[in-house]
Structures are given as structure tokens and as C-alpha cells.
Amino acid sequence: MINCIFCKIASHEIPVPFVAENDYAVAFYDRSPQAPVHILVIPRIHIASINDLTDQSGPVIVGMMDLVRQLAQIHGNSSDKGFNLKVNTGASAGQEVFHMHWHFLAGK
Ligand code: 5GP
Ligand code: ZN
């Protein structure tokens, strides 16, 4: 989608190093971390929010969750690989970037 910052990151139009990636999703560090480890997981295709998912979105969700699982193994809390997954959905809930993203938060 034109002028979507996260589409530009996913396509490398804006160069941001990926922490993890697969066919469906990429992960990169949040520019304003809210925890010692703050990584965003986004789909490669433009989906504005959870409220825009469809019956065809299953593989994308599985791909994103696969990255979360990988992140937990490397970046999860040292004791038990624990983490928080936060998904602001809709402006009223604090979503500022309308390309769906999951906040992976760890190291508190
Ligand atoms: P939201 O409030 O939409 O759930 O969160 C948006 C997140 O994206 C914020 O935590 C913000 O710091 C992050 N963010 C916004 N623009 C960029 C960017 O260009 N690069 C990176 N790495 N993070 C961004
Ligand atoms: Zn986008």
C-alpha cells in the first residue's frame, strides 16, 4: 500500500534489519522500545488491523506466530522464555500504524 511505512520496511524500501523472517512475516526492533526487548512482527502483505483479517488470512497468522515462537527462544525472558504479545487494534485502542503489527515484549 502506498505510503504505508511498514509496507516499505517489509519490502526493504526502507532499510531496517530483520530480527527474523519467513515467507509471510518479518520481525524488527521497535524504534521506541517500551521494554528491554521490543520487537514488532508484521505480515509482508498489507493488512490494516486484526479487524481486517479474512477467512484467507490463516497462513499469514500462522507465519506471524511462527516468528513469535522463534523470538521467544532467542529473546524471551531468561527464566522461562516468557514474553508479552500486545496488539493495539483501532485508534481508540492506541493503534498508530495501520499495518497490523504484534508487539513482542520481553526482558522486564
Ligand atoms: P501502535 O501504537 O500502532 O501499536 O505501535 C506502533 C509502533 O511502531 C510504535 O511502538 C512505534 O515506536 C513503532 N514505529 C513506528 N514507526 C516506526 C518505524 O519507522 N520504524 C520502527 N522500527 N518502528 C516504528
Ligand atoms: Zn502496509
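The values are calculated or read from the model by the stated rules, or taken from the named source; none is laboratory data. Keep in mind that this is a model prediction, so the values were computed, not measured. FYI the Cβ positions are ideal-geometry reconstructions off the backbone, even for glycines, and counts take in every protein chain you see. With ligands, DNA and RNA removed, areas are computed over all heavy atoms of the protein, side chains included. Shrake-Rupley method; radii C 1.70, N 1.55, O 1.52, S 1.80 Å.
Looking at the chain, the accessible area is 58 square angstrom per residue; that uses a 1.4 Å probe and ignores ligands, DNA and RNA.
The residues neighbouring Gly63, those whose beta-carbon lies less than 12 Å from its own, together hold a net charge of -1 under the Lys/Arg +1, Asp/Glu -1 convention.
Rounded to the nearest 10 degrees, the inclination of helix 58-75 to the longest alpha-carbon principal axis of the chain is 30 degrees.
Starting from the Cα of His46, move 7 Å in the Cα-to-Cβ direction to define the label point; list residues of region 7-33 whose amide nitrogen is under 11 Å from there. In region 7-33, the label zone of His46 (backbone N under 11 Å from the point 7 Å along Cα→Cβ) covers 7-8. Residue ranges 15-26, 39-50 sort as 39-50, 15-26 when ordered by packing (mean number of other C-beta atoms within 10 Å per residue, highest first).
How fast does region 5-106 diffuse by Stokes-Einstein, in µm²/s, taking the Kirkwood radius from C-alpha pairs at 10 °C and 1.306 mPa s? D, rounded to a whole number, is 115 µm²/s.
Summing charges over neighbours of Ala25, with a neighbour being any other residue whose Cβ is under 13 Å away from its Cβ, gives -1 when K and R count +1 and D and E count -1.
Mean residue ellipticity at 222 nm, helices only, the chain: -7000 deg cm²/dmol; runs of at least 4 DSSP H residues each add -39,500 (n - 2.57), and the sum is divided by the number of residues.
All other residues with a Cβ under 12 Å from the Cβ of Ala35 taken together, and with Lys, Arg as +1 and Asp, Glu as -1, what is their net charge? Once positives and negatives cancel, what remains is +1.
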